[in-house]
1. R103 - would you say it is within 22 Å of Y128 (Cβ to Cβ), more than 16 Å from the ligand (Cβ to nearest atom) and either among the aliphatic types (A, V, I, L, M) or in a loop (DSSP other than H, G, I, E, B) (or both)?
2. Considering only residues that are in a loop (DSSP other than H, G, I, E, B), within 15 Å of the ligand (Cβ to nearest atom) and of a type outside the set (G, A, S), which ones fall in the range 1-45?
3. Tell me yes or no: at least one residue of the range 192-215 is in contact with a Phe, Trp or Tyr (Cβ under 7 Å, 6 or more places away or on another chain), closer than 30 Å to I430 by Cα and away from the ligand (no atom under 14 Å from the Cβ).
4. So for the range 89-99 (the condition being assigned to a loop (DSSP other than H, G, I, E, B), among the polar types (S, T, N, Q) and open to solvent by 50 Å² or more (accessible area, probe 1.4 Å)), does at least one residue qualify?
5. Kindly provide the set of residues from the range 163-182 that are away from the ligand (no atom under 16 Å from the Cβ) and over 15 Å from S106 (Cα atoms), ordered by number.
6. Checking the conditions here, which among R234, R223, R286 is closer than 23 Å to A376 by Cα, in contact with a Gly (Cβ under 7 Å, 6 or more places away or on another chain) and open to solvent by 90 Å² or more (accessible area, probe 1.4 Å)?
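The values are calculated or read from the model by the stated rules, or taken from the named source; none is laboratory data. What you are looking at is a predicted structure, and each value in this text was computed from that prediction instead of being measured. Glycine gets a Cβ as well: all are built from the backbone with ideal geometry, and neighbour counts include every protein chain shown. When the accessible area is computed, the model is the full protein with side chains, heavy atoms only, and any ligands, DNA or RNA have been set aside. Shrake-Rupley method; radii C 1.70, N 1.55, O 1.52, S 1.80 Å.
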Amino acid sequence: MLKAIKFGGSSVAGAEQFARVKAIVESDPARRLVVVSAAGKRSGDDHKLTDLLYLCHAHLTYGVSCGDILAQIRSRFTAIREELGLRWDVGTAFDEYCATLSRDTSQDELVSRGEYFTARLMAEYLGYDFVDAAECVLFGFDGELDREKTEEALREVLRRHDTLVLPGFYGSLPSGRIRVMSRGGSDITGALLAAAADADVYENWTDVSGILMADPKIVPNPRPIAKITYAELRELAFMGASVLHEESILPVKERGIPLNIRNTNRPGDEGTMIVEEVAGEAESERFLTGVAGRRNFTVLTVRKRDMRGSEELRRTLEMLDECHVQVEHITLGLDSFALVASSAKLGENLYHIVARIHRDCRPDDVQVQDGIALVAAVGRKMTFRPGISGKLFRALGEQGVNIRTIAQGADELSIIIGVDNRHFETAIRILYEGFAG
Ligand code: ASP
């Protein structure tokens, strides 16, 4: 049994959290491959090291002293060293690094030091080997992650090290320069390592006991999802429910490695298991895996008698694409079509878009309705079961929630409904309480 495990920033925020990580690692001999983020917030008003490092770089660029911020970062590292009685003199190593900083220091190199120093401290504390991600997480000349080369390099690393700590979030370009991923990228590093090692499971330790069935700001104490498929997770994440970096899913999904989200502060909780498929489930009235949604969408309706064919729709979609507006849904009628898109995105170009629709499509009428919220009811148990949408719509209707748009993919994994913004929270609560909780 081999587990690749990744700890997020809040799980390595200080000495106390380091101790929790050690207890988790030591409680299971399969936990041999560890990835860490940079130390995160210890409390609500604290700062993530990565944020402080980005701030330092802005100061350097404008020639403003960042001594205070560097001192704050230094003291986070030295406190961990002192409280845990580690030997490595992180203070001096950090000072030496700071002495190299100048206006020309690359932003990526500077911010990657959060993960680098955190991982070196963790490696000593666990008694595992430290491996620098610059050696084995490799980007191509185009700046994109080179998955093939990375896998080869990681396999080589795995031949040499039985137990290791790898800093997340960064790697190197063919020139040797450091390159960071997008924010939250340590999830990706963990997935790459799990895939290269053909691990039995990829554990992603964070500060929640898994993915919740609904947003806790809307539904009081929603239950965590015990099992979810990768496909369902994509639907929920698309609607704004996210605990994982989206790109971290592919490497493990391709290999059929299950991904387990766990809570460092409650290691006894089983968390959420994300798998390719769940077999042999009993039917139940609780057929939703989760409910998520977002506010502030706009419906753009174009009417033209005898439109016949989709020329007008094609032109409108092209125009939206040129303006970088992503369309969430399309509904098509004989004499009209309606598009749903984010109001913020559409808003920047609305007059231009409406004017062009008038010019290029010669419609009878164009209507713009904003203030729409999209709510996604997601669940593998809905698939091929008749009567499900009827139940959902009845429950909403009975409580006075008017449905403005409806979309269901042919895979029947999710039903997405548009409601007025003011009904957003009520709709989520009704769906959760009736069919998920
Ligand atoms: N430390 C980086 C961030 O704050 C990467 C990560 O945490 O995964 O985004």
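1. Answer is no for this residue.
2. Within the range 1-45, K41, R42 qualify.
3. Yes - at least one qualifying residue is present in the range 192-215.
4. No: the range 89-99 contains no residue that is assigned to a loop (DSSP other than H, G, I, E, B), among the polar types (S, T, N, Q) and open to solvent by 50 Å² or more (accessible area, probe 1.4 Å).
5. The answer is T163, L164, P174.
6. Only one candidate qualifies: R223.
One line per residue, one yes/no per condition, for (1) out of contact with any Pro (no Cβ under 6 Å at 6 or more places or on another chain); (2) within 26 Å of I261 (Cα to Cα); (3) at pLDDT 95 or above; (4) of a type outside the set (A, V, I, L, M, F, W, C):
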position	(1), (2), (3), (4)
L121	yes, yes, yes, no
A133	no, yes, yes, no
T163	yes, yes, yes, yes
M181	yes, yes, yes, no
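Residue by residue, here is whether (1) of a type outside the set (A, V, I, L, M); (2) surrounded by 17 or more Cβ atoms within 10 Å (Cβ to Cβ); (3) in contact with an Asp or Glu (Cβ under 8 Å, 6 or more places away or on another chain); (4) farther than 21 Å from A214 by Cα holds:
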| position | (1), (2), (3), (4) |
| --- | --- |
| I330 | no, no, no, yes |
| A355 | no, no, no, yes |
| C361 | yes, yes, yes, yes |
| A373 | no, yes, yes, no |
| A376 | no, yes, yes, no |
| F393 | yes, no, no, no |
| N402 | yes, no, yes, no |
| I415 | no, yes, no, no |
| G434 | yes, yes, no, no |
